[in-house]
1. Within the set of pairs 6 or more residues apart or between chains, which connect a residue that is surrounded by 12 or more Cβ atoms within 10 Å (Cβ to Cβ) inside segment 120-131 to a residue that is in a loop (DSSP other than H, G, I, E, B) and of a type in the set (Asp, Glu) with Cβ atoms less than 9 Å apart?
2. Looking at segment 59-69, is at least one residue part of a strand (DSSP E or B), of a type in the set (Gly, Ala, Ser) and out of contact with any His (no Cβ under 7 Å at 6 or more places or on another chain)?
3. Quick check, is Phe88 surrounded by 15 or more Cβ atoms within 10 Å (Cβ to Cβ), in a strand (DSSP E or B) and under 20 Å from the mean Cα position of the chain (by Cα)?
4. Filtering segment 53-66 down to residues that are in contact (Cβ under 8 Å) with a residue 40 or more places away in the chain and surrounded by fewer than 18 Cβ atoms within 10 Å (Cβ to Cβ), which residue is nearest to Ala175 (Cα to Cα)?
5. Which condition breaks for Glu78 when tested against (1) without any contact (Cβ under 8 Å) to a residue 24 or more places away in the chain; (2) within 19 Å of Lys32 (Cα to Cα); (3) surrounded by fewer than 18 Cβ atoms within 10 Å (Cβ to Cβ); (4) acidic (Asp, Glu)?
6. Of the conditions (1) touching a Leu at 6+ places or on another chain (Cβ under 7 Å); (2) free of Cβ contacts under 8 Å to residues at least 24 places away in the same chain, Val150 fails just one. Which one is it?
7. Collect the residues in segment 97-110 that are in contact (Cβ under 8 Å) with a residue 12 or more places away in the chain and open to solvent by 90 Å² or more (accessible area, probe 1.4 Å), keeping them in residue-number order.
Amino acid sequence: MFKYSQFSTTDFNKLVAIDGFNSGINTFALMKIGKNAVVGVNYVLDVDGQQLDASGDSPLTYLHGHGMMIPGFEKQLEGLAEGEKYDFIVPAAEGYGVFNPEAVVDLDKSIFLVDGSMSTDVFEGAQLQLTNQEGQPMTGVVNAISEDKVTMDFNHQLAGKDLHFVGSIAALREATEEEISHGHVHGPDGHQH
């Protein structure tokens, strides 16, 4: 708990509830990350010792507890306050899932032909968006091309990988009723209507 006299006027935006009185001085609790919080995070993501992503100059802003982020990331940030630093690993099962060998399939090469020739978009390592039998888009990576088959991996590219996040909580506030009902952040760092 912090005493009222320790904060400037601008600090009141970070305080969320009068928690009572302590010897006649108001005390406040700092807001913590929980469901319906708008969170701005600075982060660096490393996988297998390589940096894959980072927030850069602007924090990533999201609505906590609404499935906008991978489950393990939200779980690790739960309870942190603005200004706190973090360093944690999200296991594959709580990130992009475990690698599923059944998501690696051999497809008939004929579906990739354009005017009788292999499409120039199809090569080993190419990321292609296909449509399944129900009309849903599926993104996969071409693993191999044989005489009559194209082997594709439809696992997320980070499936089976532990994710190492390092960063800090740059901003934190309660979501508006409109943000909660829409399921996303509005305003300068969020969605504009």
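1. Leu128/Asp121
2. No, segment 59-69 has no match at all.
3. No: the conditions fail for Phe88.
4. Among residues in segment 53-66 that are in contact (Cβ under 8 Å) with a residue 40 or more places away in the chain and surrounded by fewer than 18 Cβ atoms within 10 Å (Cβ to Cβ), the one nearest to Ala175 (Cα to Cα) is His66.
5. (1)
6. (2)
7. Across segment 97-110, the qualifying residues are Val98, Phe99, Asp106.
The values are calculated or read from the model by the stated rules, or taken from the named source; none is laboratory data. Owing to the predicted nature of the structure, the values given are computational and were not obtained by experimental measurement. When we count neighbours, we look across all protein chains shown, and the Cβ atoms used for this are built from the backbone with ideal geometry, even at glycine. Accessible surface is based on the protein model in full, side chains and every heavy atom, while ligands, DNA and RNA are left aside. Shrake-Rupley method; radii C 1.70, N 1.55, O 1.52, S 1.80 Å.
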